[in-house]
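Okay, so here's the structure we're looking at.
The values are calculated or read from the model by the stated rules, or taken from the named source; none is laboratory data. Computed from a predicted structure; not experimentally measured. Quick reminder, even Gly has a Cβ in these numbers, built from the backbone with ideal geometry, and neighbours come from all protein chains shown. Each accessible area value is taken on the protein alone, full model and side chains, heavy atoms only, with ligands, DNA and RNA left out. Shrake-Rupley method; radii C 1.70, N 1.55, O 1.52, S 1.80 Å.
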Amino acid sequence: MLRIVKRDGRVQDYDPVKLQKWAIWSAKDIRERANWSKVVTKTVKNLSGVITSQDLQRELIASCVRTKRWPEALMAGRLYAALSHKEIYDDKTPTVRKLQSRLADLGLMSKLPYSDEEYAEIEKMIDHSRDFHMSYAQIRQIRKKYAIQNTVKKLEYETPQFVFMRMAMKLSQNMEGEDRLAQVKSYYEDLSASRINAPSPNYLNLGTPLNGLASCCLYAVGDDAFSIAIGDYIADVMTFKSAGIGNTLQTRSLGDAVRGGRIRHLGKMPY
């Protein structure tokens, strides 16, 4: 018999009606009909013993993902969005200002130059319900790869809409007057609706003390010791600034003469 450990520690017998309600809620308004009943059946088929309600929800998400169908991917996204908000905020979603102030105090964000009045208007712009219209893969990528977090202590701070708003506010901070809030709204709407496909360093670093925003860096290296050393330095710097690197290495081949033949060139390293 399957038993469920609730968030408050209580242990209850598995109630199939509750799992069905999760599935029906996650499948609501999906254009192509999702087979939620089949997903539920596969979820509980091999479960037994005692499991937490969070792990049961994760099993339901996994069953959705394994179908490899778009309707179930949206179901998984809704379930994962709900789980994310519970795990990160305990269902008490902070305001934009409160979260950003906390992150600034932790040294994980820069203090953005917005007034109390502007933060009040920004709070009206952010729409966390949009998290529930994203697929599982979209939410997971933002949560695990792009959102601000302390990976050592395993502390997470941002759900997707907070990431989009952080980016929009940083991009707009140098605008003046009413144009600034209009620009924030424009960037937020485009990012939130996936009309802008921003490079990874923008998601990671905008609004933080890290200023590396370049996605890729291509550099050329000549065939002398000084140029090679500088090329290595460029590769190191751009890597820790979050950029991908590409190197055009203009070097001689294996066996070519170096210093008039005193040294035999070791050639190019295989890709």
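Taking 0.36 nm per residue of separation and subtracting the Cα-Cα distance, what length does fully extending ASP224 through LYS185 add? Provide the component values of the computation, followed by the final result.
On the way: separation 39, 0.36 × 39 = 14.04 nm, distance 5.08 nm.
That works out to 9.0 nm of additional length.
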Length-normalised contact order of the chain in % [C-alpha pairs under 8 Å, at least 6 apart]: 12
Residue with peak Gaussian network fluctuation, the chain [Cα springs, cutoff 10 Å], from GLU178, GLU118, GLU158: GLU178
DSSP H segments from the chain that extend 27 Å or more along their own axis, Cα-based, with Kyte-Doolittle mean of -0.5 or above: 70-89
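What is the stretch 153-195's relative contact order, in percent, from Cα pairs under 8 angstrom and six or more apart in sequence? Spell out each step's value before the answer.
On the way: 22 pairs, mean separation 16.6, N = 43.
That works out to 39 percent.
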Largest-first principal axis extents of the Cα set of the stretch 72-182 (Å): 44, 30, 22
Estimated dipole of the stretch 156-271 in Debye, rounded to 20 [Cβ of Lys and Arg +1, of Asp and Glu -1, Cα centre]: 520
Electrostatic dipole magnitude of the stretch 51-160 [Cβ: Lys, Arg +1; Asp, Glu -1; Cα centre; debye, to 20]: 600
Nitroxide proxy distance, nm - points 7 Å out along Cα→Cβ at SER200 and ARG97: 3.6
Distance cut-off 18 Å, percentage of C-alpha pairs in the stretch 1-51 lying past it: 38
Estimated dipole of the chain in Debye, rounded to 20 [Cβ of Lys and Arg +1, of Asp and Glu -1, Cα centre]: 1320
Cβ-based charge dipole, the chain, positive-most Cα from VAL5, MET269, LEU213: VAL5
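If I compute solvent accessible area with a 1.4 Å probe over the protein chains, what percent of it on the chain is carbon and sulfur?
53
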Nitroxide proxy distance, nm - points 7 Å out along Cα→Cβ at ASP236 and ASN211: 2.0
Cα-based equivalent ellipsoid of the stretch 50-124: semi-axis lengths in Å, sorted from largest, via gyration tensor: 34, 15, 11
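Can you tell me the relative contact order of the stretch 128-187? Whole percent, Cα pairs under 8 Å, sequence separation 6 or more. Provide the component values of the computation, followed by the final result.
Numbers: 42 pairs, mean separation 14.2, N = 60.
Reported as a whole number, the value is 24 percent.
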Heavy-atom surface of the stretch 1-140, accessible at 1.4 Å and reported per residue (Å²): 59
Alpha-carbon Rg with Dmax, taken over the chain, Å: 24.9, 83
The stretch 177-217: Rg to Rh, with Rh as the Kirkwood radius over Cα pairs: 1.04
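So for the stretch 150-238, what are the equivalent ellipsoid semi-axes in whole Å, largest first, each being the square root of 5 times an eigenvalue of the Cα gyration tensor?
On the way: eigenvalues 222, 63, 28 Å².
Ellipsoid half-lengths, sorted descending, are 33, 18, 12 Å.
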Amide proton proximity set for LEU249, modelled H, under 5 Å, gap of 5+: VAL221
For peptides 260-267, 128-135, sequence by mean Cβ density within 10 Å, most packed first: 128-135, 260-267
